[in-house]
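Peer 1: Dropping a structure here in structure tokens format, bear with me for questions.
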There are 2 protein chains.
Amino acid sequence: MTTQIDLPLTAIARKTRDCAQTLAVLSTEQKNQAIEAIAQALESATDEILAANAADCAAAYDKIPKPLYHRLKLDRAKLQSAIAGVRDVGKLADPVGEVQIHRQLDDSLILKRVTCPLGVLGVIFEARPDAAIQISALAIKSGNGVILKGGKEATRSCEAIVKAIHLGLSQTVISPDVVQLLTTREETLKLLQLDQFVDLIIPRGSNSFVRFVQENTHIPVLGHADGVCHLYIDRAADLSKAVAVTIDSKTQYPAACNAIETLLIHQAIAPAFLTLVAPAMQQHNVELRGDVETRKILDIAPATETDWSTEYSDLILSIKVVDSLTDAIAHINEYGSGHTDAIVTENAETADTFLAQVNATGVFHNCSTRFADGFRYGFGAEVGISTQKLPPRGPVGLEGLVTYKYKLTGEGHVVATYTGENSKLFTHKDLD
Amino acid sequence: MTTQIDLPLTAIARKTRDCAQTLAVLSTEQKNQAIEAIAQALESATDEILAANAADCAAAYDKIPKPLYHRLKLDRAKLQSAIAGVRDVGKLADPVGEVQIHRQLDDSLILKRVTCPLGVLGVIFEARPDAAIQISALAIKSGNGVILKGGKEATRSCEAIVKAIHLGLSQTVISPDVVQLLTTREETLKLLQLDQFVDLIIPRGSNSFVRFVQENTHIPVLGHADGVCHLYIDRAADLSKAVAVTIDSKTQYPAACNAIETLLIHQAIAPAFLTLVAPAMQQHNVELRGDVETRKILDIAPATETDWSTEYSDLILSIKVVDSLTDAIAHINEYGSGHTDAIVTENAETADTFLAQVNATGVFHNCSTRFADGFRYGFGAEVGISTQKLPPRGPVGLEGLVTYKYKLTGEGHVVATYTGENSKLFTHKDLD
């Protein structure tokens, strides 16, 4: 893909890539020292960062929606928590240098597959300035350079943060140029075209924003646009588990991508379950919308075709009665977004079929969809949740920021030895 | 991405996806039985397939380049070898169902990350009809449906092959619809737009063809356009190893993507090495092109800027004298295609730096670049070689045709238990 790109951004990207190359060979200790230096520099710059954020907030107040404003706003506690997060990244296991394959191909011809950094991450986020702090620490831990592009409302905050990060890095062996900040909207589109220098794009923002990014780049994107998650209550469900899991999956944090939008219920259990769950949901102020069969049991608004593919991110739940497990799976694979879907049943065979046939990164049995999360899975960090088919998918920790390379070491070995008549055989012996 | 797509192809793709879903839950034995049934059906259809191929060859003769014609032509031995290849796939380990993570999150809340099929593969190949045989077997072994699009010259051959595969599958539990064949060129572009139904595109053909595919789809592509591989002869090289590795890397099979195109030589060793390697290369009919420093030592044609980024796929070698290891690495990272690059040196530290800093899927020390191959690595099969940064990269075996999903099983567990005041802690205990 040949694209017209202004020199300055290309030059920035090239510099980031070149500096990242030296990051790739540092020891875990050197990277952890740099992460601690960043934490200290952010602490020292606390007043400056809060002042910059106050200016951002003053300029944006009344101009952006309230939820966005809350994400923009940094107070001392939020900043301290972000700095604590930086130190937590220091404690994570180093994802670089892990030997995945160690194999003798022949005497003294040794193959190793070893994890290594990707190179340069492009991270595009909306208002949230603390995202710049977290992702910079994750990038350094994984040996990657990072080009940050924050929302324009957060420009002053991001500049103050990146200034502190640079100051911290300047006291280490790592070049401050491994962390770059872009501030204009035009640069976002250009960043998406820098295939040659940027290895992974991580978008953080609304569904439509993520979709825009996915459709406008050939660089791999770590993220997901939609989170249309389902809960299926099987005919063999334990009713009390079913109610508890439904309440948690819908109401524990309705704005989360792993909250459910649609409840599917086997027709044999629908009357009993619906009369039990409806009052519970109403207690949690959940608006219910149902298909024809549901509305024969409950007096609620109708669900239309649009409802089945809508991520409400709100206290709304669409309900459909299905004839069978097969119908439930077909509905999920048709309307779902491949994020997380769960079944409640006491029948192990039914659960196995559901877990095998539902096309989603997370398939759950007798538990809330809200568990789909890198921290809850024990990854120590969550870089993003990916709904693509290829790995890394689902909640992605530091593992998603590295790749691997094959290292082959010989003593003058040539392929001609292993081909044609009297050819030698490979030993292909896995080593410890 | 909303695109205008004719109904028929979408319908075919949907059917393939739906049938592939049942493939995903089959046992290894069931898949192996299907693979054996395909092998037997191809054996029974040998005469029919060879007759169809003879008709393809007669129609294409004098109309297509000789190398393409040779790839198109199937004789009894080549077909038998392809059928033997099908049975070899039957013997490979099943890539589906491998448990990658097995972790207790809390009492009776168990997380498993388990490999599963991707869904549907789209395979686009040029003339080669035997590719249809191999990839169909690999698709079934990995639990995927496959949509094949062969070159128009091979239409009769592919039709006869797929007819036999369908006949074989019809005697098994697997629907013949998991293997589909497209035959018109227009369908290629449409296939590339079927994001919703096709999970991976595997292009097999010329560099420009692969590049075309990469630039015209949002579906992940397994493949590589260029193979501009380098060999760097360090100042601390053993000269006899250096000569042997150079000859093998360039001449053992010059049309291969893992053959070298450029030789880089440290200036301190350039006179000694060049006077040794030049006659050896001339014996192998290799045309040499050199930079200014090289031409002070050898009387050869000049290498221009274009040479450094050209994959000759032929007996031509460009040579450059560099001042240092750093220069060699910089040249490779600038002009290379990230495929495979090697160093010859007796200095272990120099080798380590080269292997760490060269951005390529394969980084080799004291051995031929020609080893970069799935069979030589011991993978049992090679689906393709990928030069992208994200895994799977390098030579990719069956592992490249599967992904994973997270399966979480509880007993009514909800997230509310683990949040807020008095929240329970996760145990995060890895299980066997």
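Peer 1: Relative to the compact-globule scaling 2.2 N^0.38 Å, provide the ratio for the alpha-carbon radius of gyration of segment B:229-370.
Peer 2: Values: Rg = 13.1 Å, N = 142, 2.2 N^0.38 = 14.5 Å.
This ratio for segment B:229-370 stands at 0.91.
Peer 1: Hey, if we sort B:H230, A:H70 by accessible area with the 1.4 Å probe, largest down, what's the order?
Peer 2: Details: B:H230 0, A:H70 115 Å².
Reading off the accessible areas and sorting them downward yields A:H70, B:H230.
Peer 1: Next question. For chains B and A, what's the summed buried accessible area, probe 1.4 Å, to the nearest 100 square angstrom? Don't skip to the answer; put the middle values down first.
Peer 2: On the way: alone 20300 and 20330 Å², together 34180 Å².
Interface between B and A: roughly 6400 Å².
Peer 1: Sort out the exposed loop chymotrypsin sites (Phe, Trp or Tyr not before Pro) in chain B (DSSP loop, at most 14 other Cβ within 10 Å) and tell me the longest stretch that has none.
Peer 2: Details: sites that count: B:Y61, B:F375.
It runs B:62-374.
Peer 1: Sorted from largest to smallest, which semi-axis lengths in Å does the alpha carbon gyration tensor of segment B:304-412 give for its equivalent ellipsoid, taking the root of 5 times each eigenvalue? Don't jump to the answer; show the numbers that get you there.
Peer 2: Working: eigenvalues 226, 60, 40 Å².
Over the Cα atoms of segment B:304-412, the semi-axes work out to 34, 17, 14 Å.
Peer 1: Another question, then. When Cβ neighbours within 10 Å are restricted to other protein chains, what is their mean count per residue of peptide A:383-394?
Peer 2: 4
Peer 1: Determine the gain in length on full extension of the stretch B:E334-B:H284; use 0.36 nm per residue of separation and subtract their C-alpha separation, reporting nm with one decimal. All intermediate terms of the calculation are to be shown ahead of the outcome.
Peer 2: Details: separation 50, 0.36 × 50 = 18.00 nm, distance 2.87 nm.
That works out to 15.1 nm of additional length.
Peer 1: Which one, A:I219, A:I110, A:I49, has the greatest fluctuation when you compute a Gaussian network model over chain A with C-alpha springs under 10 angstrom?
Peer 2: Maximum fluctuation in the GNM of chain A, among the listed residues, is at A:I110.
Peer 1: Let me ask something else. Quick one: which of A:97-107, B:387-397 comes out on top by average Cβ neighbours within 10 Å, and what's the full order, highest first? Spell out each step's value before the answer.
Peer 2: On the way: A:97-107: 15.1, B:387-397: 22.5.
Going by the mean number of other Cβ atoms within 10 Å, highest first, we get B:387-397, A:97-107.
Peer 1: Please give the charge dipole size of the protein assembly as shown, origin at the Cα centre, charges +1 on K and R Cβ atoms and -1 on D and E Cβ atoms. Round to the nearest 20 debye.
Peer 2: Numbers: 80 positive and 104 negative charges, 68 e Å.
That gives a dipole near 320 debye.
Peer 1: Using a 10 Å cut-off around each Cβ of peptide A:347-360, what is the average number of partner chain Cβ atoms that fall inside?
Peer 2: Taking the mean over all residues of the peptide, I get 3.
Peer 1: Identify, among B:V89, B:A127, B:P392, the residue whose Cα sits farthest towards the positive end of the charge dipole of the protein assembly as shown, taking +1 on the Cβ of Lys and Arg and -1 on the Cβ of Asp and Glu, with the dipole about the Cα centre.
Peer 2: Selected residue: B:A127.
Peer 1: Which distance in nm do the two modelled labels at A:T275 and B:S313 give, with both placed 7 Å along the Cα-to-Cβ direction?
Peer 2: 7.2 nm
Peer 1: Please report, for A:H70, the nm distances (one decimal) from its label point, 7 Å out from Cα along the beta-carbon direction, to the equivalent points in the remaining copies, shortest first.
Peer 2: Counterpart label points of A:H70 in the remaining copies fall at 6.9 nm.
Peer 1: Less than 16 Å apart at the alpha-carbon level, and either on another chain or at least 8 residues along: which aspartates and glutamates does that give for A:K405?
Peer 2: Leaving aside aspartates and glutamates fewer than 8 places away in the same chain, those within reach of A:K405 are A:E98, A:D199, B:D341, B:D352, B:D373, B:E399.
Peer 1: To continue, here is another question. Using the Karplus curve 6.51 cos²θ - 1.76 cosθ + 1.60 with θ = phi - 60°, work out ³J(HN,Hα) for each residue of segment A:392-398 in order, rounded to whole Hz, and write x for Gly and Pro.
Peer 2: x, 9, x, x, 10, x, 4
Peer 1: Something else: Take A:K112, A:K141 and sort them by solvent-accessible surface of the protein heavy atoms, 1.4 Å probe, largest at the top.
Peer 2: Values: A:K112 75, A:K141 0 Å².
The ordering from most to least exposed comes out as A:K112, A:K141.
Peer 1: Does chain A come out rounded, prolate or oblate by the C-alpha gyration tensor, with a ≥ b ≥ c the root eigenvalues, rounded set by a/c under 1.5 and, if not, prolate when a/b is larger than b/c and oblate if not? Walk me through the intermediate numbers first.
Peer 2: On the way: a/c = 2.24, a/b = 1.29, b/c = 1.73.
Oblate shape, in that a/c is at least 1.5 and b/c is the bigger or equal ratio.
Peer 1: Give the relative contact order (percent, whole number) for segment B:312-432; include only Cα pairs under 8 Å separated by 6+ residues.
Peer 2: The value is 16 percent.
Peer 1: Right, here's the next one. With a bin width of 20 angstrom, please list the P(r) values of the protein assembly as shown as percents of all Cα-Cα pairs, from the 0 bin to the one holding the largest distance.
Peer 2: All Cα pairs considered, the percentages come to 14, 43, 35, 8, 0.
Peer 1: Next question, about the same structure. Across peptide A:213-222, how many C-beta atoms of other chains are within 10 Å of each residue C-beta, on average?
Peer 2: Numbers: counts 0, 3, 2, 0, 1, 5, 2, 4, 1, 1.
Taking all residues of A:213-222 together, the mean is 2.
Peer 1: Follow-up question, since we're still on this one. Counting helices only, and only those DSSP H runs with n ≥ 4, report the 222 nm mean residue ellipticity of the protein assembly as shown as the sum of -39,500 (n - 2.57) divided by its residues, in deg cm²/dmol to the nearest 500. Don't skip to the end; give the middle numbers.
Peer 2: Working: 28 runs with 341 residues, N = 864.
That calculation yields -12500 deg cm²/dmol at 222 nm.
Peer 1: Say a label goes 7 Å from Cα toward Cβ at B:D323 in every copy; what distances in nm does this one have to the rest, shortest first?
Peer 2: When each copy's label point is compared with this one, the spacings are 7.8 nm.
Peer 1: Using the 7 Å Cα-to-Cβ label point, sort the distances from B:T419 to its equivalents in the other copies shortest first and give them in nm to one decimal.
Peer 2: Distances between equivalent label points, in nm: 5.9.
Peer 1: From the Cα gyration tensor of segment B:1-89, with a ≥ b ≥ c the square roots of its eigenvalues, which class applies: rounded if a/c is under 1.5, or else prolate if a/b is larger than b/c, or else oblate?
Peer 2: Working: a/c = 2.70, a/b = 1.22, b/c = 2.22.
Because a/c hits 1.5 or more and a/b fails to exceed b/c, segment B:1-89 counts as oblate.
Peer 1: So for the pair A:E48, A:S81, with labels modelled 7 Å out along Cα→Cβ, what separation do we get in nm?
Peer 2: For A:E48 paired with A:S81, the spin-label model returns 2.5 nm.
Peer 1: So, with a 1.4 angstrom probe, what is the percent of accessible area on the protein assembly as shown that is carbon and sulfur? Don't jump to the answer; show the numbers that get you there.
Peer 2: Numbers: 17130 of 34180 Å².
Carbon plus sulfur share of accessible area: 50 percent.
Peer 1: Here's another thing I want to ask about it. Connecting C-alpha atoms closer than 10 Å in a GNM of chain A, tell me which of A:N285, A:N53, A:N32 has the biggest fluctuation.
Peer 2: Looking only at A:N285, A:N53, A:N32, the biggest GNM fluctuation is shown by A:N285.
Peer 1: Per residue, how many Å² of accessible area does segment B:7-215 show with a 1.4 Å probe?
Peer 2: On the way: 8500 Å² over 209 residues.
With all protein chains present, segment B:7-215 gives 41 Å² per residue.
Peer 1: Towards the positive end of the charge dipole of the protein assembly as shown, with charges on Cβ (+1 Lys, Arg; -1 Asp, Glu), say which of A:I110, A:A272, A:S175 has the farthest Cα.
Peer 2: Most positive-ward Cα: A:S175.
Peer 1: Find the lysine pairs in segment B:7-215 meeting two conditions, Cα atoms under 14 Å apart and a separation of 8 or more places or different chains, and report how many there are. Numbers along the way, then the final one.
Peer 2: Details: B:K31/B:K91; B:K31/B:K141; B:K63/B:K73; B:K63/B:K152; B:K73/B:K152; B:K91/B:K141; B:K149/B:K190.
Close lysine pairs found across segment B:7-215: 7.
Peer 1: Highest GNM mean-square fluctuation, chain A, Cα pairs closer than 10 Å: which of A:L264, A:L68, A:L200?
Peer 2: In this elastic network of chain A, the residue with the biggest mean-square fluctuation among A:L264, A:L68, A:L200 is A:L68.
Peer 1: So, R0 is 25 Å and r is the distance between the beta-carbons of A:Q40 and A:T183; what FRET efficiency does that work out to, to 0.05?
Peer 2: Details: r = 25 Å, r/R0 = 1.01.
Calculated transfer efficiency: 0.50.
Peer 1: Can you tell me how segment A:150-230 classifies by the Cα gyration tensor, rounded, prolate or oblate, using a/c under 1.5 as the rounded cut?
Peer 2: Working: a/c = 2.04, a/b = 1.73, b/c = 1.17.
Prolate.
The values are calculated or read from the model by the stated rules, or taken from the named source; none is laboratory data. Given the structure is predicted, the values throughout are model-derived calculations rather than measurements. No Cβ is skipped: glycine too gets one built from the backbone with ideal geometry, and neighbour counts run over all protein chains shown. Side chains included, ligands, DNA and RNA excluded: accessible areas come from the protein's heavy atoms. Shrake-Rupley method; radii C 1.70, N 1.55, O 1.52, S 1.80 Å.
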